[in-house]
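Student: Supplied in structure tokens, the structure appears directly below.
The values are calculated or read from the model by the stated rules, or taken from the named source; none is laboratory data. All of these numbers come straight from a predicted model, not from anything done at the bench. Cβ placement follows ideal geometry from the backbone for every residue including glycine, while neighbour counts extend to all protein chains displayed.
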Amino acid sequence: MKKYLHVINIGLQNNLQYRFNYLTRTLFSFIPLFAMVSLWQTIYAGNSGAEHTSGFTQAQMIFYYLLVAVVDVLTAVNEDDWQIAADIREGNISQFLLKPVDYLWYRLCLFFSGRIAFVMMAAGPLAIFIFCFRDFVVPPASGIALWVFPVSLVLTALLQFFISYAMAMLAFWLLEISTLIFILFAFEYLASGHLFPLDVLPPLLKQILFLTPFPYQLYFPISIYLGRVSGPDIWQGLAIQLAWVLAAYGLARFMWRRGIKKYSAFGG
């Protein structure tokens, strides 16, 4: 564990060199978020403040997007898949084949160090943004939600990382995987509840989406906080989320083992 803690330390130092980029990225990410909040405020104003067909009140809907920003800052993968694919393509993983360092855990440590650095830079602007919409902030739905929400966030971060890692493993077979990454990102953006709550979808389509890992990458932890998932459904959902994490981890390991058999690098 000592060497991986050292990796996290190095990752923090490297990421803090780009703190201005993190700050700029955070500020500009609030533009689409502010647009979505303004859009839903207009929708509810046109309905005289009545509940939308999804069952969200205006305060819940706006707070949903505030939670999206928080969860995104804490769990989103930030170019890790691109960097992993570049390591494979450029032969940088050769060093990990000769040292007692597991490349997956190495990248996971860098992922968490990147999240820590990003949170440090984004905390201020995010706090100001939430303060501006403080009238819509609501506490956790229950004491159970307060404790289960962070657990689900950790599983969300792991799920996002392992899926991105498995996708990056395609670089063993393909020279350019950017198109596949963009396709996956589009599915995640729509099916995870990032663009809108999945409750606005037809019930059948929502049930189909819950057969995929995407809702557990964003929508599920937010639903726990808001109380839209409660009782036995919380534990069932956590079990399914954990199952997807293990499945993504197994897929990442499988693709690494298969990819290494095809890997070759030349030069020094």
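Student: Inspect segment 63-82 for any residue being exposed (fewer than 15 other Cβ atoms within 10 Å of the Cβ), within 30 Å of R257 (Cβ to Cβ) and not β-branched (V, I, T) and give the result as yes or no.
Tutor: Taking segment 63-82 first, the residues exposed (fewer than 15 other Cβ atoms within 10 Å of the Cβ) are 79.
Within this subset, residues satisfying the condition of being within 30 Å of R257 (Cβ to Cβ) are 79.
Now narrow it down to the ones that are not β-branched (V, I, T): 79.
Taking every residue of segment 63-82 in turn, at least one turns out to be exposed (fewer than 15 other Cβ atoms within 10 Å of the Cβ), within 30 Å of R257 (Cβ to Cβ) and not β-branched (V, I, T).
Student: Can you name every residue in segment 137-190 that is in contact with a Pro (Cβ under 8 Å, 6 or more places away or on another chain), more than 19 Å from F111 (Cα to Cα) and modelled with pLDDT of 90 or more?
Tutor: F149
Student: Can you name every residue in segment 115-152 that is among the aromatic types (F, W, Y), farther than 30 Å from V7 by Cα and in a helix (DSSP H, G or I)?
Tutor: Initially, segment 115-152 is screened for residues among the aromatic types (F, W, Y), giving 118, 129, 131, 133, 136, 147, 149.
Narrowing the set further to residues that are farther than 30 Å from V7 by Cα leaves 129, 131, 133, 136.
Result: F129, F131, F136.
Student: Determine whether segment 233-240 contains at least one residue that is closer than 30 Å to I93 by Cα, assigned to a helix (DSSP H, G or I) and in contact with a helix residue (DSSP H, G or I) (Cβ under 9 Å, 6 or more places away or on another chain). Please lay out each step first, then the result.
Tutor: Initially, segment 233-240 is screened for residues closer than 30 Å to I93 by Cα, giving none.
No, that holds for no residue.
Student: Next up: Could you check T26 against (1) at pLDDT 75 or above; (2) among the β-branched types (V, I, T); (3) surrounded by 17 or more Cβ atoms within 10 Å (Cβ to Cβ) and say which number it fails?
Tutor: Of everything listed in (1) at pLDDT 75 or above; (2) among the β-branched types (V, I, T); (3) surrounded by 17 or more Cβ atoms within 10 Å (Cβ to Cβ), T26 misses just condition (1).
Student: Also, quick follow-up: Yes or no: P215 touching a Gly at 6+ places or on another chain (Cβ under 7 Å), modelled with pLDDT of 90 or more and closer than 19 Å to D72 by Cβ?
Tutor: Working: touching a Gly at 6+ places or on another chain (Cβ under 7 Å): yes; modelled with pLDDT of 90 or more: yes; closer than 19 Å to D72 by Cβ: yes.
Yes; evaluated as a whole, the condition is true for this residue.
Student: Can you give me the ranges of the helices (runs of 4 or more DSSP H) entirely in segment 35-114 with at least 1 residues that are at pLDDT 85 or above and of a type in the set (D, E)? First the steps, then the outcome.
Tutor: Details: elements: 58-75, 80-89, 94-97.
Qualifying helices (runs of 4 or more DSSP H): 58-75, 80-89.
Student: A follow-up question, please. Please verify whether F131 is closer than 18 Å to L66 by Cα and out of contact with any Ser or Thr (no Cβ under 8 Å at 6 or more places or on another chain), treating the condition exactly as stated.
Tutor: For F131, the condition - closer than 18 Å to L66 by Cα and out of contact with any Ser or Thr (no Cβ under 8 Å at 6 or more places or on another chain) - is met.
Student: Output the residues belonging to segment 1-23 that are in a loop (DSSP other than H, G, I, E, B) and either within 30 Å of V229 (Cβ to Cβ) or at pLDDT 70 or above (or both). Reasoning before the result, please.
Tutor: Filtering segment 1-23 for residues in a loop (DSSP other than H, G, I, E, B) gives 1, 17-18.
Answer for segment 1-23, where residues must be in a loop (DSSP other than H, G, I, E, B) and either within 30 Å of V229 (Cβ to Cβ) or at pLDDT 70 or above (or both): just M1.
Student: Here is a check on your reading of the model: is A117 crowded, with 18+ Cβ neighbours inside 10 Å, within 25 Å of I10 (Cα to Cα), in contact with a Gly (Cβ under 9 Å, 6 or more places away or on another chain) and hydrophobic (A, V, I, L, M, F, W, C)? Steps first, answer last, please.
Tutor: Values: crowded, with 18+ Cβ neighbours inside 10 Å: yes; within 25 Å of I10 (Cα to Cα): yes; in contact with a Gly (Cβ under 9 Å, 6 or more places away or on another chain): yes; hydrophobic (A, V, I, L, M, F, W, C): yes.
Taking the combined requirement at face value, the residue satisfies it.
Student: While we're here: Quick check on this structure: which one of R257, R228, R253 is of a type outside the set (A, V, I, L, M), surrounded by 13 or more Cβ atoms within 10 Å (Cβ to Cβ), more than 28 Å from A69 (Cβ to Cβ) and more than 13 Å from the chain's Cα centre (by Cα)? Show your work before the answer.
Tutor: Working: R257 fails: surrounded by 13 or more Cβ atoms within 10 Å (Cβ to Cβ); R228 fails: more than 28 Å from A69 (Cβ to Cβ).
Being of a type outside the set (A, V, I, L, M), surrounded by 13 or more Cβ atoms within 10 Å (Cβ to Cβ), more than 28 Å from A69 (Cβ to Cβ) and more than 13 Å from the chain's Cα centre (by Cα) holds for just one of R257, R228, R253, which is R253.
Student: Identify, please: which residue in segment 164-199 is β-branched (V, I, T) and exposed (fewer than 15 other Cβ atoms within 10 Å of the Cβ) and is, among those, nearest to S264 (Cα to Cα)? Spell out the reasoning first.
Tutor: Step one: list which residues in segment 164-199 are β-branched (V, I, T), which gives 177, 179, 181, 183.
Filter once more, keeping what is exposed (fewer than 15 other Cβ atoms within 10 Å of the Cβ): 179, 183.
On the way: T179: 24, I183: 28 Å.
Within segment 164-199, the match that is nearest to S264 (Cα to Cα) is T179.
Student: List, please: which pairs have Cβ atoms under 8 Å, are six or more places apart or on different chains, and start with a residue in segment 139-158 that is under 28 Å from G114 (Cβ atoms) and end with one that is surrounded by 14 or more Cβ atoms within 10 Å (Cβ to Cβ) and among the basic types (K, R)?
Tutor: Pairs found: A157/R115.
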